[in-house]
């Protein structure tokens, strides 16, 4: 049940991260530089936020978001006014908190500052602060020591301002218990759909309704600008497929790389461990060694008892119960001394004592495998594939530079590059920025490049763009279809169906609301109810989120209780709550976790409310078009 709370917490955290961008993400050096007559994007109580500082902060946040999202990142996520507004809002709120810290006399001592910086892992080597590493990383980041120290000092002061409010946040136990019970509650509900299809025969559109809708919503029927392109791809996989290798070359490659295809040697060993405590003196070490030596001598005389002795004497809890058996493992898997001993033994041999970081071992080598490996005939196809891949990789590297240079230097045609690759230029169908018959294998980067002004207007080649690992692609626009408007005749039939369905849906909603009123008045509205389902906030069954909320909002003091909700696809959904199942108990560990999450959410609310109050008391002004994307 606590998944629900966790999800809500994440939503709150993401929103807070956008509104109050984490101070640790960004430099604060802009606070210590004069504004002069430079362009600014906002003023907070007379203090300017400079355009160049905003642009730098925006780039930093865009880079971090791209890194976090990886392949899911899209340019439109970071270029809109909404994203830019969130970044600026974060900078404004930082200034508000800075003013509050100054007004409160909050200061960070040099000792505190030194302690925080010395404790940051990125400045440490072997767990100890390294001045050389500290200075090197700051130089790499383009920051002076003074600049960085002021940044950290400011961040610490701001965190103290926030801590003053979050530290006083209290969530009463009774509130936590009540919330847990509410979230854990289950309700049995049935559904009755009032469908638009049942009202279609009652709908008659007035004359000119389709034309009127079309004229009022022309933007909806716009056709975006479209293009057709020629394109050319350099693919490592395609190069590998075209390569010819002889049987003799395959055999030679196998002989040269036999270990790669035969697999690594593995050994199966058992051991008995006599542990040596950390910091043990020489006397303890000698005692442990003598005990291991005695066990080794005993087992060399009676090797068949190794498993029995291991179960009784080994101090390795992971293997003692299995008679000391460690299974098969490759060279380099175990501790160095243990590994060297095992891979120098013969099958059946018992060795020891062998000292490692863990203590003293008595070892028996049970078996060896993998040293012979499969023969050439067994791995021939794999060897050929690897040989092709290896040669294709080298050939790809050779061609990539010349391909890149050719499409750039002879930018009005792809033919020279095609001749160079000895493959034909391909042609796409029509596509827009939003999609369509795009070049096979293309990605968003290539599409963005195709619609760049110089490529689109002058019909020049795009750069050679990596659309996938081992694949470069370049394209050139050959035909442009300007943005336009779909004619009414083309869309009128679909529009008429759509408008009739909308009107039918309105009738269905009116009927649904009427039936809901009748049900709440105790009247019978007929059958058609689905079988009842037991639902919870975490297990909504087939119900959409909006309907689930209505089920749990319904007044269950008298059952059955009724609720209703408009359906996203049209029509109305009636809901009947017939039973309520209360939480049977609260798991203490889960309750503690929920209490922590509730505290974090409440603390975030406190900080947000405080910042709102600070803003109300300060004069904040945005310059015109402060967050508009530059053209």
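General observations
- Looking across the range 116-138, the residues that are surrounded by 11 or more Cβ atoms within 10 Å (Cβ to Cβ) and over 28 Å from the mean Cα position of the chain (by Cα) come down to 116, 117, 118, 124, 129, 130, 133, 134, 135, 136, 138.
- Among the residues of the range 132-157, the one identified as part of a helix (DSSP H, G or I) and modelled with pLDDT under 75 is 140.
- The listed residue being under 14 Å from residue 158 (Cβ atoms) and modelled with pLDDT under 75, out of 96, 106: 106
- Among the residues of the range 49-64, the one identified as farther than 18 Å from residue 85 by Cβ and modelled with pLDDT of 80 or more is 52.
For (1) out of contact with any strand residue (DSSP E or B) (no Cβ under 6 Å at 6 or more places or on another chain); (2) at pLDDT below 80; (3) assigned by TED's automatic domain parsing to the domain that holds residue 393, each residue gets a yes or a no:
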site	(1), (2), (3)
238	yes, no, yes
255	yes, yes, no
259	yes, yes, no
268	no, no, no
278	yes, yes, no
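- Helices (runs of 4 or more DSSP H) contained entirely in the range 390-474, each with at least 3 residues that are in contact (Cβ under 8 Å) with a residue 60 or more places away in the chain and over 31 Å from the mean Cα position of the chain (by Cα): 415-421
- Counted residues, the range 281-331 - those being within 16 Å of residue 355 (Cα to Cα) and not in a helix (DSSP H, G or I): 4
- Scanning the range 381-401 for residues that are surrounded by 13 or more Cβ atoms within 10 Å (Cβ to Cβ) and over 18 Å from residue 241 (Cβ atoms) yields no hits at all.
- Identity of the residue in the range 66-75, at pLDDT below 70 and in contact with a helix residue (DSSP H, G or I) (Cβ under 9 Å, 6 or more places away or on another chain), that ends up surrounded by the most Cβ atoms within 10 Å (Cβ to Cβ): 73
- When the range 528-540 is filtered for residues that are over 11 Å from residue 190 (Cβ atoms) and assigned to a loop (DSSP other than H, G, I, E, B), the ones remaining, listed by number, are 537, 538, 539, 540.
- Condition met for residue 435 (farther than 30 Å from residue 395 by Cα and either assigned by TED's automatic domain parsing to the domain that holds residue 393 or buried (at least 18 other Cβ atoms within 10 Å of the Cβ) (or both)): yes
- Leading residue by the ranking (modelled with the lowest pLDDT) among those in the range 541-558 that are surrounded by 15 or more Cβ atoms within 10 Å (Cβ to Cβ) and in a loop (DSSP other than H, G, I, E, B): 543
The values are calculated or read from the model by the stated rules, or taken from the named source; none is laboratory data. The structure presented is a predicted model; accordingly, all values stated were derived computationally and were not measured. For neighbour counting, all protein chains shown are included, and Cβ atoms are generated from backbone atoms with ideal geometry for every residue, glycine included.
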